[in-house]
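Undergrad: Sending over a structure as structure tokens; questions will come in a sec.
The values are calculated or read from the model by the stated rules, or taken from the named source; none is laboratory data. Just so it is clear, the structure is predicted and the values come from calculations on it, not from any experiment. Cβ placement follows ideal geometry from the backbone for every residue including glycine, while neighbour counts extend to all protein chains displayed. Surface accessibility is based on the protein's heavy atoms, side chains included, excluding ligands, DNA and RNA. Shrake-Rupley method; radii C 1.70, N 1.55, O 1.52, S 1.80 Å.
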Amino acid sequence: MQFSVQHIQENGLDKIVLSDSAANTSAVILPAFGAMLHELNLQVNGASFNVIANYADLDDIRADLGTSFKSSKLSPFACRIEKGVYTFEGRTLEFDTKFGDGNAIHGLLYNKPFHLEASQTDSAAEAVFVYHYDKQDSGYPWTYTCRISYALVGNKLTLTTEVINDDEHKIPLTDGWHPYFQLGGKANNWTLNFKGKGIVEFNERLIPTGKVLPYNKFQEAEPLADIELDNCFILDQEAQHAPVLHNPENGVFVRFHPDENYPFLQMYIPPHRNSIAIENLSGAPDCFNNNMGLVVLEPGTSKQFSVTYETGIQF
């Protein structure tokens, strides 16, 4: 059988492994930690190569998840909300949990246990994970369901998130992902290419000012050497051009195919420069306050967000 879905335990972690034997590709998901993407493997020089910068084991996750947020599902908001405070439908709300800088950051589901709802191996190696949020944080006093599907076919992994408003009131929403990609060596040796319509201006606290500024770098593949990134961009989706991260030395690339509901692209290169966070988002940071990409779901309605990661080798 070409496709398989397996449940294994390793390094203290419960893992769901999706495999495509024909393509020698696989993906590993950790349901207990926000259904995060832990591995995305392809074959490089006859060996398995993981393009996801991940955690070594359970202790590493417990120590670092709340600081690095590697591969986290970002829901019901993405990136920062200034001081963790916003107003919605006439109510001023404040999140209980805040980051060290005093802002609320990266949502409420990154460390929540999702359960495996379904899987299939007929047309893909696919697994579906679900979590029901129920007013656990006073800053988000509503109920909703987050359903995440991972589907692996060949060298493409599609992540589809469905958010369902289970509440009797409207809910504000931003959706996204926070994966860190590693292509071998340092980011200085990699190239980046994407078509952007502009860069979201940040203040010194990494909060958008509300302005979008012109930005024309990376229209063609450009080296990341000496480039510092901690920015949010608006994709030119009419260009129908998939962003690409590429390592010319070993040929490994990741191409990103977001749907129309992920118009924002947040990127960050950490100081060690061994990886780069490339985050497909439905809205800008602090969009609960600035409304840049804010989604409002009516009671009983749902919305889907999808991105496909395509891996390969190209010289």
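Undergrad: Once phi is turned into θ = phi - 60°, what whole-Hz ³J(HN,Hα) does the Karplus curve with 6.51, -1.76 and 1.60 give for every residue of the stretch 177-187, x standing for Gly and Pro?
TA: Residue by residue, the stretch 177-187 yields 10, 10, x, 9, 9, 10, 10, x, x, 9, 4 Hz.
Undergrad: Carbon-plus-sulfur fraction of the accessible area of the stretch 121-187, 1.4 Å probe, in percent? Each step should come with its number before you reach the end.
TA: Values: 960 of 2110 Å².
Carbon and sulfur together cover 46 percent of it.
Undergrad: Using the crude model of +1 on Lys and Arg Cβ and -1 on Asp and Glu Cβ, and no other charge, please compute the dipole size for the stretch 229-315 relative to its Cα centre, in debye to 20. It would help to have the intermediate numbers written out before the result.
TA: Values: 3 positive and 10 negative charges, 41 e Å.
In debye, rounded to 20, the stretch 229-315 gives about 200.
Undergrad: What is the Cα convex hull volume of the stretch 86-243 when expressed per residue in Å³? Walk me through the intermediate numbers first.
TA: Numbers: hull volume 29.8 nm³, N = 158.
Spread over its residues, the Cα hull of the stretch 86-243 gives 189 Å³ apiece.
Undergrad: Once you order the gyration tensor axes a ≥ b ≥ c over the Cα atoms, which shape class does the stretch 258-315 get: rounded for a/c under 1.5, otherwise prolate or oblate by comparing a/b with b/c? Please report the intermediate quantities before stating the final value.
TA: Numbers: a/c = 3.47, a/b = 1.61, b/c = 2.15.
Because a/c hits 1.5 or more and a/b fails to exceed b/c, the stretch 258-315 counts as oblate.
Undergrad: Express the accessible area of the chain per residue in Å², computed with a 1.4 Å probe while the remaining protein chains stay in the model. Mind showing how you got there, number by number?
TA: On the way: 12930 Å² over 315 residues.
Computed with neighbouring chains in place, this is 41 Å² per residue.
Undergrad: Calculated from DSSP H runs of 4 or more alone, at -39500 (n - 2.57) each and per residue, what is the 222 nm mean residue ellipticity of the chain, nearest 500?
TA: Here the helix-only value at 222 nm equals -1000 deg cm²/dmol.
Undergrad: May I ask you to give the average projected area over all directions of the convex hull of the Cα atoms of the stretch 141-194, in nm² rounded to one decimal? Walk me through the numbers before you get to the answer.
TA: Numbers: hull surface 25.3 nm².
The number I arrive at for the stretch 141-194 is 6.3 nm².
Undergrad: For the chain, with only Lys/Arg (+1) and Asp/Glu (-1) charged at the beta-carbon, what is the dipole magnitude about the Cα centre, in debye rounded to 20?
TA: Numbers: 22 positive and 39 negative charges, 63 e Å.
About 300 debye.
Undergrad: Who wins for biggest fluctuation among N50, N189, N41 in a Gaussian network model of the chain, springs between alpha carbons below 10 Å?
TA: N189
Undergrad: Once R0 is set to 25 Å, what does the formula 1/(1 + (r/R0)^6) return for the Cβ-Cβ distance between T121 and K170, expressed as a FRET efficiency to the nearest 0.05?
TA: Working: r = 38 Å, r/R0 = 1.54.
Calculated transfer efficiency: 0.05.
Undergrad: Hey, another quick one. Where is the GNM fluctuation largest for the chain (alpha-carbon springs, 10 angstrom cutoff): Q136, Q304, Q266?
TA: Highest fluctuation of the listed residues: Q136.
Undergrad: Could you work out Rg/(2.2 N^0.38 Å) for the stretch 1-74, with Rg from alpha carbons only?
TA: Working it through for the stretch 1-74, the quotient is 1.14.
Undergrad: At a Cα cut-off below 17 Å, give the lysines reachable from K170, other chains included and same-chain residues fewer than 8 away excluded.
TA: Here the lysines satisfying the reach criterion relative to K170 are K135, K303.
Undergrad: Roughly what % of Cα-Cα distances in the stretch 103-188 sit above 23 Å, to the whole percent? Each step should come with its number before you reach the end.
TA: On the way: 1375 of 3655 pairs.
Tail fraction, whole percent: 38.
Undergrad: Suppose a student asked you for the relative contact order of the chain, using Cα pairs under 8 Å spaced at least 6 residues apart; what percent would you report? Don't skip to the end; give the middle numbers.
TA: Details: 836 pairs, mean separation 56.1, N = 315.
Normalised by residue count, the contact order of the chain is 18 percent.
Undergrad: OK, next. Under the 0.36 nm per residue contour assumption, what length would be gained going from the current alpha-carbon distance of D60 and R205 to full extension?
TA: Numbers: separation 145, 0.36 × 145 = 52.20 nm, distance 2.77 nm.
Full extension from D60 to R205 adds 49.4 nm.
Undergrad: Taking the Cα-to-Cβ direction at A225 and at E249 and moving 7 Å from each Cα, how far apart do the two end points lie in nm?
TA: Placing both labels 7 Å along Cα→Cβ, they lie 1.2 nm apart.
Undergrad: Under 1.5 on a/c is rounded, so check that first for the chain, then, if it is not, pick prolate when a/b is larger than b/c and oblate when it is not; a ≥ b ≥ c are the square roots of the alpha carbon gyration tensor eigenvalues.
TA: oblate
Undergrad: Using the Cα centre of the chain as origin and beta-carbon charges of +1 (Lys, Arg) and -1 (Asp, Glu), tell me which of H241, A104, A78 is placed farthest towards the positive end of the dipole.
TA: H241
Undergrad: Separate question: For E89 and H272, what does the FRET efficiency come to when R0 = 51 Å and r is the distance between their Cβ atoms, rounded to the nearest 0.05?
TA: Details: r = 43 Å, r/R0 = 0.83.
Taking R0 as 51 Å, the efficiency between E89 and H272 is 0.75.
Undergrad: Let a ≥ b ≥ c be the square roots of the eigenvalues of the Cα gyration tensor of the stretch 1-150; is it rounded (a/c under 1.5), or, if not, prolate (a/b larger than b/c) or oblate? Numbers along the way, then the final one.
TA: Details: a/c = 2.66, a/b = 1.86, b/c = 1.43.
Prolate is the answer for the stretch 1-150, as a/c is 1.5 or above and a/b outweighs b/c.
Undergrad: Can I ask one more? Which three numbers, in whole Å and largest first, are the semi-axes of the equivalent ellipsoid of the stretch 184-315 derived from its Cα gyration tensor as √(5λ)?
TA: On the way: eigenvalues 141, 66, 34 Å².
For the stretch 184-315, the semi-axes come out at 27, 18, 13 Å.
Undergrad: Could you tell me which residue out of N41, T145, L192 lies farthest along the dipole of the chain toward its positive end? Charges go on the beta carbon: Lys and Arg +1, Asp and Glu -1, centred on the Cα centre.
TA: L192
Undergrad: For the stretch 32-105, report the convex hull volume of the alpha-carbon atoms normalised per residue, in Å³, without decimals. Kindly include the intermediate steps, with their values, before the conclusion.
TA: Working: hull volume 8.8 nm³, N = 74.
That works out to 119 Å³ per residue.
Undergrad: Where is the GNM fluctuation largest for the chain (alpha-carbon springs, 10 angstrom cutoff): S138, S75, S282?
TA: S138
Undergrad: Right, something else. Determine Rg/Rh for the stretch 231-272; Rg is computed over alpha-carbon atoms and Rh is the Kirkwood hydrodynamic estimate from the same atoms.
TA: Working: Rg = 12.3 Å, Rh = 12.0 Å.
Rounded to two decimals, Rg over Rh is 1.02.
Undergrad: In the stretch 203-241, whose amide N lies under 11 Å from the spot 7 Å out along Cα-to-Cβ of K197? List them in ranges.
TA: Inside the label zone: 234-239.
Undergrad: Ignoring any ligand, DNA or RNA, what whole percent of the accessible area of the stretch 269-315 comes from carbon and sulfur when the probe is 1.4 angstrom?
TA: Details: 840 of 1710 Å².
Looking at the stretch 269-315 in its full context, I get 49 percent from C and S.
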